[in-house]
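Undergrad: Let me give you the structure first, and then I'll get to my questions.
The values are calculated or read from the model by the stated rules, or taken from the named source; none is laboratory data. Just so it is clear, the model here is predicted, and its values are computed rather than measured. Neighbour counts are summed over all protein chains in view; Cβ atoms, including those assigned to glycine, are modelled from backbone coordinates with ideal geometry. Side chains included, ligands, DNA and RNA excluded: accessible areas come from the protein's heavy atoms. Shrake-Rupley method; radii C 1.70, N 1.55, O 1.52, S 1.80 Å.
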Amino acid sequence: MTSPTLAPYAACDERSRGRRFSEAAPAYRSEFQRDRDRIVHSSAFRRLEYKTQVFVNHEGDMFRTRLTHSLEVAQIGRAVARALRLNEDLTEAITLAHDLGHTPFGHAGQDALNECMAAYGGFEHNLQSLRVVDELEDRYAEFRGLNLTFETREGILKHCARDHAATLGDLGRRFLSSTQPGLEAQIANIADAIAYNNHDLDDGLRAGLISIEQLCELPSFEREYQVVMENHPKLGGRRLVHEIIRRMINRQVVDLIANSQHRLAETAPANVDEVRALSRPLIGFGEAQAEEHRALKRFLRQELYQHYRVLRMTFKAHKVMKDLFEAFFTTPRLLPPEHQQHVRALEAQAGDHGRARAVADYVAGMTDRYAIALHGRLFEPGELT
Ligand code: MG
């Protein structure tokens, strides 16, 4: 089901590199729509509702979760894909799946688990997202995982260390040869960054960790602030914040489309394989916007992610993750039976490395609130349930 309006360098069903286990083509959907549907029906997708990036889930119901983040990334990604005549269905599938492998407690959880796994091959959330869709989802009679297309899996694996890439065959090759994924994967990458920079800013303001005055040091914020104040001098509060942020997102998306269009016209790849062979991505901001994007990232790193209240959450998250990993690694009998079985299966293949991987799979799959409750049950003397 190829739309006639797709560009020659867009991904399409006919040129897909296919699935690991071959299946009959869907009757009324494209292959990438089928991928998207399988992702939305997965249990890892549902758990995104109770996982966070910066703020711990129970800090407040108004903050983004990984689920709402993934939806925001998908809508930005689809708008860009459509404007560039790229495959919107594939972009949607990649964006909805891109965070499936995230641990509880965002970056803090991932860092803690990576430390726990240092002697056993480490822990990378991008690789874990791929592991979720390839191995861990347990839903279909004919195969393990979701059996997604190569193109969706390629997009999910955003980054990967070289030693891991070497074990992934075709999918890992680009990390060894420093080449590119398809354009839909490139869109998903940047849509992710646009979404999280802007919503972290919004959530940071909402939590009172950063202020509008501070943000006016950023040219990208100050410019929109001035425009809004000029047109709506009485506007204040949340409405002012939203109006500024939606203008920032719009400016970034418009720049991304215009600049990518320009690069695509200049390079004129004949097909997706020519895109893959390039050493630079074709989807990207123009230089001025790229600099503003980096400045926004720097601001968030310094003023929000290092804020003492965020660091307190990070500190606690780190401890919860380490304690849980330790407990299950040293005493796998504390695991529910199906996870004990997973430990035994991986242990039989790879000894301690396998045991550690199985425990990491279990801990990484938890939601923030589940990890906190389980930590309480295991470590607080008052709770014996
Ligand atoms: Mg993300």
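Undergrad: Whole angstrom only: what separates the Cα centroid of segment 170-226 from the Cα centroid of segment 3-43?
TA: Going from one Cα centre to the other spans 28 Å.
Undergrad: Also, quick follow-up: How much FRET efficiency would the formula 1/(1 + (r/R0)^6) give for Asp163 and Ala83, where r is the Cβ-Cβ distance and R0 is 30 Å, rounded to 0.05?
TA: 0.20
Undergrad: Right, next: Return the whole-Å distance between the Cα centroid of segment 273-340 and the Cα centroid of segment 343-385.
TA: 20 Å
Undergrad: Keeping the other protein chains in place, figure out the carbon and sulfur percent of the accessible area of the chain, with a 1.4 Å probe.
TA: C and S atoms contribute 51 percent here.
Undergrad: Sticking with this one: What does the helix-only formula give at 222 nm for the chain: each DSSP H stretch with n ≥ 4 adding -39500 (n - 2.57), the total divided by the residues, and the result rounded to the nearest 500 deg cm²/dmol? Please report the intermediate quantities before stating the final value.
TA: Working: 18 runs with 231 residues, N = 385.
Calculated mean residue ellipticity at 222 nm is -19000 deg cm²/dmol.
Undergrad: Among Gln341, Gln128, Gln53, which one moves the most in a GNM of the chain with springs linking Cα atoms closer than 10 Å?
TA: So, out of Gln341, Gln128, Gln53, the one fluctuating most is Gln341.
Undergrad: Restricting things to Cα coordinates, could you compute the convex hull volume per residue of segment 292-341 in Å³? Display every interim value, and only then the final one.
TA: On the way: hull volume 5.3 nm³, N = 50.
Taking the convex hull of the Cα positions in segment 292-341, it is 106 Å³ per residue.
Undergrad: With Cβ to Cβ distances under 14 Å as the rule, what net charge do the other residues near Arg162 carry (K, R +1; D, E -1)?
TA: Computed value for this residue: 0.
Undergrad: Through the Karplus equation 6.51 cos²θ - 1.76 cosθ + 1.60, θ set to phi - 60°, convert the phi angles of segment 290-306 into ³J(HN,Hα) values in whole Hz; use x for Gly and Pro.
TA: With the stated coefficients, segment 290-306 comes to 4, 5, 5, 4, 5, 5, 5, 4, 4, 4, 5, 4, 6, 9, 9, 5, 9 Hz.
Undergrad: Further question: Cα-based Rg (one decimal) and Dmax (whole number) for the chain, in Å?
TA: Looking at the chain, its Cα Rg and Dmax stand at 21.7, 68 Å.
Undergrad: Treating segment 249-317 as a set of equal point scatterers at the Cα positions, no solvent, please give the Debye-formula log₁₀ I(q)/I(0) at q = 0.19 Å⁻¹.
TA: With no solvent term, the Cα-only Debye profile gives -0.80.
Undergrad: Rg/Rh for segment 256-385: what does it come to with C-alpha atoms and Rh from Kirkwood? Present the calculation step by step, with values, prior to reporting the outcome.
TA: Details: Rg = 23.2 Å, Rh = 19.2 Å.
Taking Rh as the inverse mean 1/r over Cα pairs, Rg/Rh reads 1.21.
Undergrad: Another one. Please compute the per residue accessible area over the chain with all protein chains in place, 1.4 Å probe, rounded to a whole number of Å².
TA: On the way: 18130 Å² over 385 residues.
Dividing the accessible area of the chain by its residue count gives 47 Å².
Undergrad: Once Lys and Arg get +1 and Asp and Glu get -1 on their Cβ, which of Val228, Leu218, Ala165 lies farthest toward the positive end of the dipole of segment 131-250?
TA: Val228
Undergrad: Here is a follow-up. If you count, for each residue, the other Cβ atoms within 10 Å and average over each peptide, how do 147-159, 256-268 line up from highest to lowest? Present the calculation step by step, with values, prior to reporting the outcome.
TA: Numbers: 147-159: 23.9, 256-268: 15.5.
Peptide ranking by packing, descending: 147-159, 256-268.
Undergrad: Using modelled amide H (1.01 Å from N, peptide plane; none on Pro or chain starts), what sits under 5 Å from the amide H of Arg139, excluding residues fewer than 5 places away?
TA: Amide H to amide H, under 5 Å and 5 or more residues apart or across chains, Arg139 pairs with Gly145.
Undergrad: Any chance you could get the radius of gyration and Dmax over the Cα atoms of segment 191-340, in Å?
TA: 21.5, 65
Undergrad: Suppose the chain between Ala350 and Asn271 were pulled fully straight at 0.36 nm per residue; how much longer would it get relative to their current alpha carbon spacing? All intermediate terms of the calculation are to be shown ahead of the outcome.
TA: Values: separation 79, 0.36 × 79 = 28.44 nm, distance 4.07 nm.
Going from the current span to full extension adds 24.4 nm.
Undergrad: To continue, here is another question. Can you find, among Gly237, Ala25, Ala290, the residue sitting farthest towards the positive end of the charge dipole of the chain, where Lys and Arg contribute +1 and Asp and Glu -1 at Cβ?
TA: Value: Gly237.
Undergrad: Could you work out the percent of alpha carbon pairs in segment 31-153 separated by over 20 Å, rounded to a whole number?
TA: 46 percent
Undergrad: What's the local net charge at Cys216, with K and R +1, D and E -1, over the other residues with C-beta under 13 Å away?
TA: Details: positive: Arg223; negative: Glu213, Glu217, Glu222, Glu224, Glu303.
Every neighbour counted, the sum reads -4.
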